[in-house]
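Accompanying notes for the structure given below.
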Protein chains: 2
Amino acid sequence: MKHSSNSVRQSQLFTKTRKEAPKDEVSKNAQLLIRAGYVHKEMAGVYSYLPLGRRVLEHIEQIVREEMDAIGGQEVRMATLHPSEPWKQTGAWDSVDVVFKIVSRTEKEYTVGQSEEEIVTPIGQEYVTSYKDLPLAIYQIGQKYRDELRAKSGIMRGREFTMKDMYSFHETQEDFDKFYQVAKDAYLKVYERLGLVAKATEASGGAFTKKLSYEFMVLTDAGEDDILYCDKCPYCVNIEISTQKEGDACTRCVGGTLARATASEVGNIFDLGTKYTTDFNFTCKNREGQEVHPIMGCFGIGITRLMGVIVETFADAKGLVWPEAVAPFRVHLVELTSDSADVHSEAAEVYRELSEAGISVLWDDRDARAGEKFADSDLLGIPLRVVVSEKTLSAGKFECVHRASGRVEHKSISELLGHLTA
Amino acid sequence: MKHSSNSVRQSQLFTKTRKEAPKDEVSKNAQLLIRAGYVHKEMAGVYSYLPLGRRVLEHIEQIVREEMDAIGGQEVRMATLHPSEPWKQTGAWDSVDVVFKIVSRTEKEYTVGQSEEEIVTPIGQEYVTSYKDLPLAIYQIGQKYRDELRAKSGIMRGREFTMKDMYSFHETQEDFDKFYQVAKDAYLKVYERLGLVAKATEASGGAFTKKLSYEFMVLTDAGEDDILYCDKCPYCVNIEISTQKEGDACTRCVGGTLARATASEVGNIFDLGTKYTTDFNFTCKNREGQEVHPIMGCFGIGITRLMGVIVETFADAKGLVWPEAVAPFRVHLVELTSDSADVHSEAAEVYRELSEAGISVLWDDRDARAGEKFADSDLLGIPLRVVVSEKTLSAGKFECVHRASGRVEHKSISELLGHLTA
């Protein structure tokens, strides 16, 4: 995994922790992220990501990028300021209520993208002339905007949010179905790498399509949705569209029973059919020499939403708990203030050695009480805390505390390096 | 330099070159970038960046990021959807004509950021309480939006564009001046790494401030501005605000003479004084224990603009010419179609060896005529073309053509590897 290896001294980091979240912030994820200095709230549903939050987002994005590249996705950066014309062409300008409308002083109308079908379809049309150019999958990671009536759930459902959106083009329905399976596996790999337990569920198509869609749900007590899943096979369905109930026998396998769980949506796939290629009169030659409208798919993963789900899933009473793969740093090096200069120089040495080995370290080199440092460390949620103090100096081993489990070990610097670079 | 090492087979790349640019596209940079498939035009002043264009942007961004990190800049991602309130607080909502105004269906007013003083000042205010927290430099790389009456110059002046914007906070004017020098050197290093010759000029402050500002100008025949610069010392001034003319003696050094040149602006620095900290009532304790308004600076580099300037500066009659540091790939491996399967397997071997050595390669493995392949290769502008053909097979050496100079060399694979990894 590509992990940002640059280490930071906490005395140089401009953010600080705070005791209280803003009163108007009701969601657990935003409360904790604000208190820990990961995000700054601009208004309901809009947040800025400060250095620690940016690092988490980048780690999530890199995992998503690697898995999209692995299935042949080609990364682009589409415009986010859109002319109104293609939105009128697809009807979304008037029918989709979350489309922001901008009237320019030139009297031209624009929107800021809440999705990119209106942009990507003409791009596909520009380059695809034959089935030989298909299948094609184009994706990007960038900002999306939705004119939500009420923004709630902190960073999990915003008026502005970061999303990976991929669009695929296919000659036939069979080819779409084949690619759907490939993309589904890539999605499940993403969630697994993030330390989450996810299931692909069948759901209703939503605003975009009348067809069935697929949602990816992370099982978490903090979930907003109710799902039924088979205890034996991968079958899973959003309770909203299920005709079955908890305890029923699974209809997809022999011997499975349906269990109920709360879950959070962390991705979706829409079979767009030929809706957009028809709207834009986008055709290409198929194998039989006929001009056909390619079938499109839309594959979304909310990056900021995923960050929120990770917070909700793992955080405990003391604060954030980051899975190793997305943590802003791998090690929180906590130096306890001491009259002995040796403690500081020992901490500096650990900082140097770990950083040189490519391990990202946040070094708490601030002049503060031990209790404050430990409370901050718990709140920040970095996976491994390494404590340097007069006590550890005399022992020759450092106290290493695993944030998630609370497990304590004592390791020498070489044991620590061995553990972290294994 | 951190270069994306992943190589691509051209037959898999969804973009293709085209003979003609759209008729409404008058700028050289956009014409070439569209013809070569680097960008897709959405409307005047708004472009999507396709895989090749995205790679160039990422390389520019990484160079900028490294130099901003080196001077202590802390990277964040600020919101781009802004509530109108802070814009009204600073007066910009009504006084800055390029501010896009969005009226939501909730009747709340928003804008999409054309600059981020309205967002970053409250963030600074949240965390800075004392001179001990200063100086502070916060930066981001992201999208900006301007409601331009006329968008021209292709990707060099858009309604949407990518920018690195850094904001600094200082206790005293002396400290701002000191940081300005540090940032100026970092800027000049960025341009040098991009292969450009840049100068820091004095200019008028523009919309943001009545104070003097600094512009960074790249000397290029395609430039939109006229500057006077000393042929002996670093002095340089925008002709608009100069009281001197070409041929005059330099007033900043002994023996220098002012020369005139056309140039393109590729960065700027504004001394914002206490305008924004006063507007937001942001104070902190200074060394004497008094509450003072910190002094702010704004440091911009247009990323997409820089890409346009690079195109304008280096492109020739045959197409794009990328400096090594920003090219989408380091090597364009051109396999000439042959009846001999050996040519293809030899090309595959070169592709594998270079890629494994961390060198990014675009491999033209398409079934096309040599003339078409060479014309495409010239248009794409990748620094080094390596040709594999029946002729090179029998010689045991590959024809290597440097795009910028046209220089031709013949190298074995090990000589090539030695050259590229040196």
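The values are calculated or read from the model by the stated rules, or taken from the named source; none is laboratory data. What you see is a predicted model; the values in this text were computed from it and never measured. As a convention, Cβ positions derive from the backbone with ideal geometry for all residues, glycine included, and neighbour counts pool all protein chains shown.
Structure above, values below:
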read-out	value
Every residue from segment A:117-140 that is acidic (Asp, Glu) and closer than 28 Å to A:Val99 by Cα	A:Glu117, A:Glu118, A:Glu126
Residue that is farthest from the chain's Cα centre (by Cα), among those in segment A:75-85 that are buried (at least 18 other Cβ atoms within 10 Å of the Cβ) and not polar (S, T, N, Q)	A:Pro83
Any hit, segment A:91-99, residues being under 27 Å from A:Glu335 (Cα atoms) and touching a strand residue (DSSP E or B) at 6+ places or on another chain (Cβ under 8 Å)	no
Options A:Ile63, A:Ile34, A:Ile71: the member that is among the β-branched types (Val, Ile, Thr), more than 8 Å from every other protein chain (Cβ to nearest Cβ) and under 17 Å from A:Gly302 (Cα atoms)	A:Ile63
Any hit, segment A:158-177, residues being among the basic types (Lys, Arg) and either surrounded by fewer than 20 Cβ atoms within 10 Å (Cβ to Cβ) or assigned to a helix (DSSP H, G or I) (or both)	no
Test: residue in segment B:351-365 that is under 24 Å from B:Ile60 (Cα atoms), acidic (Asp, Glu) and within 28 Å of the chain's Cα centre (by Cα)	no
Subset of segment B:280-311 [without any contact (Cβ under 8 Å) to a residue 24 or more places away in the chain and part of a strand (DSSP E or B)]	B:Glu291
Subset of segment B:117-126 [more than 9 Å from every other protein chain (Cβ to nearest Cβ) and buried (at least 21 other Cβ atoms within 10 Å of the Cβ)]	B:Glu117, B:Glu118, B:Thr121
Pick from segment A:135-186, criterion among the acidic types (Asp, Glu) and in contact with a strand residue (DSSP E or B) (Cβ under 9 Å, 6 or more places away or on another chain), ranking: farthest from B:Tyr49 (Cα to Cα)	A:Asp177
Residue count, segment B:86-103 (criterion: facing chain A (nearest Cβ under 8 Å) and surrounded by fewer than 16 Cβ atoms within 10 Å (Cβ to Cβ))	2
Tally of residues being touching a residue at least 60 places away in the same chain (Cβ under 8 Å) and part of a helix (DSSP H, G or I) across segment A:67-94	5
Flag if B:Ile155 is more than 10 Å from chain A (Cβ to nearest Cβ), assigned to a strand (DSSP E or B) and either touching a residue at least 40 places away in the same chain (Cβ under 8 Å) or among the hydroxyl-bearing types (Ser, Thr, Tyr) (or both)	no
Among (1) under 26 Å from B:Ser11 (Cβ atoms); (2) assigned to a helix (DSSP H, G or I); (3) of a type outside the set (Phe, Trp, Tyr); (4) at pLDDT below 95 - the single one B:Thr337 does not satisfy	(2)
Any chance A:Tyr110 is among the aromatic types (Phe, Trp, Tyr), at the interface with chain B (Cβ under 10 Å from one of its Cβ atoms) and in contact with a strand residue (DSSP E or B) (Cβ under 8 Å, 6 or more places away or on another chain)	yes
Selection status of B:Val76, among the β-branched types (Val, Ile, Thr), within 9 Å of chain A (Cβ to nearest Cβ) and closer than 27 Å to B:Ser153 by Cβ	no
Residues located in segment A:369-404, provided they are under 18 Å from A:Phe329 (Cβ atoms) and polar (S, T, N, Q)	A:Ser377
Number of positions in segment A:1-42 that are in a strand (DSSP E or B) and without any contact (Cβ under 8 Å) to a residue 24 or more places away in the chain	3
Test: residue in segment B:61-74 that is closer than 30 Å to A:Ser84 by Cβ and surrounded by 24 or more Cβ atoms within 10 Å (Cβ to Cβ)	no
Residue that is charged (D, E, K, R) and away from chain B (no Cβ under 13 Å), where the choices are A:Lys41, A:Lys16, A:Lys23	A:Lys23
Residues of segment A:95-133 satisfying the condition of being under 25 Å from B:Pro51 (Cβ atoms) and in a loop (DSSP other than H, G, I, E, B)	A:Gly113, A:Gln114, A:Ser115, A:Glu116, A:Val128, A:Thr129
Qualifying residues in segment B:392-413 (those that are surrounded by 15 or more Cβ atoms within 10 Å (Cβ to Cβ) and more than 37 Å from the chain's Cα centre (by Cα)) - the one farthest from B:Ser345 (Cα to Cα)	B:Thr392
Any chance B:Glu324 is assigned to a helix (DSSP H, G or I) and among the charged types (D, E, K, R)	no
Yes/no for A:Glu171 being more than 20 Å from the chain's Cα centre (by Cα), modelled with pLDDT of 90 or more and within 30 Å of A:Trp93 (Cα to Cα)	yes
Test: residue in segment B:169-185 that is within 14 Å of chain A (Cβ to nearest Cβ) and either touching a Ser or Thr at 6+ places or on another chain (Cβ under 8 Å) or over 20 Å from B:Phe100 (Cβ atoms) (or both)	yes
All strands (runs of 3 or more DSSP E) inside segment A:342-422 with 3 or more residues being touching a residue at least 40 places away in the same chain (Cβ under 8 Å)	A:361-364, A:384-388
Top-ranked residue in segment B:127-138 [being within 11 Å of another protein chain (Cβ to nearest Cβ) and surrounded by fewer than 17 Cβ atoms within 10 Å (Cβ to Cβ); ranked as nearest to B:Glu67 (Cα to Cα)]	B:Lys132
Which listed residue, of A:Ala70, A:Ala21, A:Ala44, is at pLDDT 95 or above, among the small types (Gly, Ala, Ser) and farther than 23 Å from A:Leu354 by Cβ	A:Ala70
Condition met for A:Glu192 (more than 14 Å from chain B (Cβ to nearest Cβ), in a strand (DSSP E or B), surrounded by fewer than 22 Cβ atoms within 10 Å (Cβ to Cβ) and not aromatic (Phe, Trp, Tyr))	no
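Rundown of residues vs (1) of a type in the set (Lys, Arg); (2) within 24 Å of B:Glu224 (Cα to Cα); (3) free of Cβ contacts under 8 Å to residues at least 12 places away in the same chain, yes/no style:
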| residue | (1), (2), (3) |
| --- | --- |
| B:Leu149 | no, yes, yes |
| B:Asp165 | no, yes, no |
| B:Gln173 | no, no, no |
| B:Gln181 | no, no, yes |
| B:Tyr187 | no, yes, no |
